[in-house]
Amino acid sequence: MASAAAAADVVSVELLPFIRVYASGRVERLLGTDAVAASLDESTGVASKDVTVDPATNLSVRLYLPPEVAAGERLPILVYFHGGGFMVESAASPTYHRYLNALASRARVVAVSVEYRLAPEHPLPAAYDDSWAALAWAAAAAGDGDGSEPWLAAHGDASRVFLGGDSAGANIAHNVAMRAAADPLPGGAGVTGVTLIHPYFWDASNTMGPALEDRICREWRFMCGSPDARVDDPRLSPTVEGAPSLAALPCKRAMVAVAADDFLAAKGRAYHAALVASRWAGEAELVDTPGEDHVFHLLRPGTAAAEKMMDLVVDFVTRA
């Protein structure tokens, strides 16, 4: 019995700093496990609440409503996808709860933070499917005005829908936007803009060295739940030959933000360059922050660099 228990405690997969999976099937998440309740935020006056979108999949969202919204006032809708490598973090994380409170207050948006399912229990495409379902739900709730979700029905503007995310969440935002190009949203809603902060992308250029290439391969196979998953999958590598043309991106504006000390920065720059080269009809911005690393704006809120990033996102969403 002791030997069987010991065998079950053997680590079968370890992807630092994110996760360990044991031979028994037990999953140990190493970060992003803390959670805070939805509430009225004293510092911003933003109210939040959790809403179940699909009981069958346990899909939920955390909604954020800024203070002093007048009766009949319509605000942009920001659907946000958290990062965490498709395997950790949540919409209830203190990091994301703090960020969305601040962003909803500053940009005066109704924010929809998506609690999508995570790998390995729910390999891709679960996160993509959940995120699309959440976007479609938000667009329908705002567009129909049927009262099924009062905050969105009363104050969401389905003609001003923005998608945003960081890291894996930015990857989701891109893929959900591309799906919207082929699968129209309810009520004729459209995507006005997409903001991709430090996106988790790869590409066909093998310039980062074998160790990093191996890391990305192991992560992507784990996220997909398949040893045969390839990093030239267009969902991970949207600039790879044969991927859907970025010219189809169905929005007017896109902002791609990279941090110069982030190993993913080169991939974000390549995405922006490919978007421009595709002759996409929209406005493509590149924000390149020197001397900073991956998701610095979330890890070190209140710093000058983080405040500047917040200003840029707020401007992107509120610009006429």
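Read-outs throughout are calculated quantities, based only on the coordinates presented, and are distinct from any laboratory measurement. Remember, it's a predicted structure, so these values are computed and weren't measured experimentally. Neighbour counts are summed over all protein chains in view; Cβ atoms, including those assigned to glycine, are modelled from backbone coordinates with ideal geometry.
What the table shows:
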{"item": "Residue-averaged 222 nm ellipticity for the chain, from DSSP H runs of 4+ at -39500 (n - 2.57), nearest 500", "result": "-10500 deg cm²/dmol"}
{"item": "Euclidean distance of C-alpha centroids, the range 181-245 and the range 69-141, integer Å", "result": "19 Å"}
{"item": "Estimated FRET transfer efficiency (Ser43, Asp288; beta-carbon r; R0 35 Å; 0.05)", "result": "0.70"}
{"item": "In the range 112-214, chymotrypsin sites (Phe, Trp or Tyr not before Pro) in a DSSP loop with at most 16 other beta-carbon atoms within 10 Å", "result": "none"}
{"item": "DSSP-defined beta bridges in the chain - what % are antiparallel, rounded to 5", "result": "40 percent"}
{"item": "Relative contact order [Cα under 8 Å, 6+ residues apart], the chain, whole percent", "result": "14 percent"}
{"item": "Nearby aspartates and glutamates by direct alpha-carbon distance to Lys252 (threshold 12 angstrom, same-chain neighbours under 8 apart not counted)", "result": "Glu283, Glu285"}
{"item": "Neighbour-limited loop hits for chymotrypsin sites (Phe, Trp or Tyr not before Pro), the range 1-92 (at most 10 other Cβ within 10 Å; DSSP other than H, G, I, E, B)", "result": "none"}
{"item": "Cross-link partners of Lys308 among lysines (Cα-Cα below 18 Å; sequence separation of 8 or more within a chain)", "result": "none"}
{"item": "Fluctuation leader among Ala248, Ala56, Ala181 - the chain, Gaussian network, Cα springs under 10 angstrom", "result": "Ala56"}
{"item": "Residue of Gly156, Gly291, Gly268 that the Gaussian network model of the chain assigns the largest fluctuation, springs spanning Cα pairs under 10 Å", "result": "Gly291"}
{"item": "Which label in (i) 1.17; (ii) 0.97; (iii) 1.02 gives the computed Rg/Rh (Cα atoms, Kirkwood Rh)", "result": "(ii)"}
{"item": "Using θ = phi - 60° and Karplus 6.51 cos²θ - 1.76 cosθ + 1.60, couplings along the range 118-123 (whole Hz; Gly, Pro as x)", "result": "10, 7, x, 4, 9, x"}
{"item": "Residue of Ala92, Ala37, Ala211 that the Gaussian network model of the chain assigns the largest fluctuation, springs spanning Cα pairs under 10 Å", "result": "Ala211"}
{"item": "Gain in span if fully extended, Ala247 to Cys217, counting 0.36 nm per residue against the direct Cα distance", "result": "8.1 nm"}
{"item": "Built amide H within the under 5 Å cut-off of Asp288, gap 5+", "result": "Val258"}
